[in-house]
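Chemist: Sharing a structure here in structure tokens format.
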Amino acid sequence: MNYVGNIIRPPSEHASLILQVTTGCSHNQCTFCGVYKEKKFTIKPLEIIKADLEEVQKYKIIYKRVFLADGDALIIPTDQLVKIIATVKSMLPTIRRVGVYANTKSILKKTLAELSELKRAGLGILYQGVESGNAEVLSRINKGATPQAIIEAVEKVKAAKMKLSQTYLLGVGGKEYSLAHAQDTGKLISQSVPNYVSLLTLMLLPNTPLFHSEIAGDFTLPSKLDLIKELKSIIENIQTDQNFIFTSNHASNYLPIFARFPVQQAEVLSQVTHLIKNFDEALLKPESMRAL
Ligand code: SF4
């Protein structure tokens with residue numbers, strides 16, 4: 001495969017074909033994100049994409065799902081993206097679902113008609129990196145989105161009948177905004193109610209502005225106990241009777257959770273509350289086992 005640089009994908013796409021159709025991220029300004037710092041954003045030519053698909057055909061690997069990497073493939077102009085998806089489906093007829101990372105800006109750039117066209121073409125799920133429901137935190141991390149814009153994007157994705165998976169980042173508000181970040185994140189999840197909510201925990205990477213803010217004393221990571229308190233506050237502030245999957249089983253987290261909300265919400269809240277009352281670091285994932 002003609003992969004350029006490191007490739008990342010959502011954990012739930014572990015069995016999917018990872019097809020790189022862009023390099024880097026069109027935004028590339030989030031202060032905590034170091035994944036694409038060294039990569040220039042480009043859309044790969046269709047010939048290169050076809051060559052990768054021919055390689056998959058050659059090895060006769062059967063995939064049912066494909067994830068289009070890198071950071072924000074939804075930014076590709078709609079006609080071009082429809083052509084890429086059609087090429088994938090014609091060369092690999094077993095593909096049933098296509099997924100991409102999609103930041104709020106790129107969702108809002110598409111009209112509802114365009115999103116619906118992409119859905120008909122086979123784009124079934126968008127992974128939206130939200131990070132926080134708090135407006136000040138979103139501004140500080142340069143996310144390029146406000147809570148209102150995030151809700152607007154969610155409504156558009158739902159109107160296009162696509163599945164939506166949102167990620168939020170424990171610790172991204174630092175010590176200063178820890179509680180506000182958690183409370184507003186719970187509220188934004190209640191307003192969004194995507195199909196999947198996935199929590200990750202901030203890990204500071206040396207090539208990021210946030211790492212340097214920490215060195216300069218302008219940002220302090222919450223303690224492990226405070227991160228678990230953030231988790232509790234997020235769960236407490238989720239109020240909806242609609243079903244969705246709530247997870248914190250990404251490798252960066254100290255406490256893995258997989259639960260069906262709202263059915264298991266009270267049970268999970270009680271477990272997290274018990275952990276806080278009887279806090280013992282030995283019950284958390286060891287630092288050496290954490291990864292991004
Ligand atoms: S977090 Fe997502 S949108 Fe932000 S720079 Fe990284 S890849 Fe781009």
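Chemist: Kindly provide the set of residues from region 25-81 that are among the hydroxyl-bearing types (Ser, Thr, Tyr) and in contact with a helix residue (DSSP H, G or I) (Cβ under 6 Å, 6 or more places away or on another chain), ordered by number.
Modeler: Across region 25-81, the qualifying residues are Ser26, Thr31, Thr78.
Chemist: Does Leu292 count as surrounded by fewer than 16 Cβ atoms within 10 Å (Cβ to Cβ) and either within 12 Å of Leu170 (Cβ to Cβ) or in contact (Cβ under 8 Å) with a residue 60 or more places away in the chain (or both)? Step through it out loud before you land on a result.
Modeler: Numbers: surrounded by fewer than 16 Cβ atoms within 10 Å (Cβ to Cβ): yes; either within 12 Å of Leu170 (Cβ to Cβ) or in contact (Cβ under 8 Å) with a residue 60 or more places away in the chain (or both): yes.
Considered against the rule, which asks whether it is surrounded by fewer than 16 Cβ atoms within 10 Å (Cβ to Cβ) and either within 12 Å of Leu170 (Cβ to Cβ) or in contact (Cβ under 8 Å) with a residue 60 or more places away in the chain (or both), Leu292 comes out as yes.
Chemist: Could you say whether any residue in region 149-170 is in a loop (DSSP other than H, G, I, E, B) and farther than 17 Å from Thr111 by Cβ? Give the steps one after another, and end with the answer.
Modeler: The initial filter retains those residues of region 149-170 that are in a loop (DSSP other than H, G, I, E, B), namely 160-162.
If we keep only those that are farther than 17 Å from Thr111 by Cβ too, we end up with none.
No, region 149-170 has no match at all.
Chemist: Go through Lys229, Lys285 for me and flag whichever is basic (Lys, Arg) and in a loop (DSSP other than H, G, I, E, B).
Modeler: Lys285
Here is a yes/no grid of residues against (1) at pLDDT below 95; (2) surrounded by fewer than 17 Cβ atoms within 10 Å (Cβ to Cβ):
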| site | (1), (2) |
| --- | --- |
| Ser198 | no, no |
| Leu202 | no, no |
| Leu205 | yes, yes |
| Ser213 | no, no |
| Gly217 | no, yes |
| Pro222 | no, no |
| Ile228 | no, no |
| Glu236 | no, yes |
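Chemist: Sticking with this structure for a sec: Could you please tell me which pairs satisfy a Cβ distance under 7 Å, a separation of 6+ or placement on different chains, a first residue in region 207-228 that is aromatic (Phe, Trp, Tyr), and a second residue that is crowded, with 17+ Cβ neighbours inside 10 Å?
Modeler: That search, which allows pairs on different chains as well, returns Phe219/Gly174; Phe219/Leu210; Phe219/Ser213.
Chemist: Leu179 passes all but one of (1) under 18 Å from the mean Cα position of the chain (by Cα); (2) assigned to a helix (DSSP H, G or I); which number fails?
Modeler: Of the numbered conditions (1) under 18 Å from the mean Cα position of the chain (by Cα); (2) assigned to a helix (DSSP H, G or I), the odd one out for Leu179 is (1).
Chemist: Among what's in region 121-149 and is of a type in the set (A, V, I, L, M) and within 19 Å of Ser233 (Cβ to Cβ), pick the residue that is surrounded by the most Cβ atoms within 10 Å (Cβ to Cβ).
Modeler: Leu138
Chemist: Kindly check whether there is at least one residue in region 246-260 that is closer than 19 Å to Leu169 by Cβ, outside any strand (DSSP E or B), touching a helix residue (DSSP H, G or I) at 6+ places or on another chain (Cβ under 7 Å) and among the β-branched types (Val, Ile, Thr).
Modeler: Yes, because at least one residue in region 246-260 is closer than 19 Å to Leu169 by Cβ, outside any strand (DSSP E or B), touching a helix residue (DSSP H, G or I) at 6+ places or on another chain (Cβ under 7 Å) and among the β-branched types (Val, Ile, Thr).
Chemist: Here are the criteria: (1) loosely packed, with under 14 Cβ neighbours inside 10 Å; (2) within 17 Å of the chain's Cα centre (by Cα); (3) not β-branched (Val, Ile, Thr). Tell me which single one Glu267 does not satisfy.
Modeler: Condition not satisfied by Glu267: (2).
Chemist: Applying the selection to region 213-226, what residues are assigned to a loop (DSSP other than H, G, I, E, B) and not polar (S, T, N, Q)?
Modeler: Ala216, Gly217, Asp218, Phe219, Leu221, Pro222
The values are calculated or read from the model by the stated rules, or taken from the named source; none is laboratory data. In this text, all values refer to a predicted model and were calculated from it rather than measured experimentally. Backbone-built Cβ (ideal geometry, glycine too); neighbour counts: all protein chains shown.
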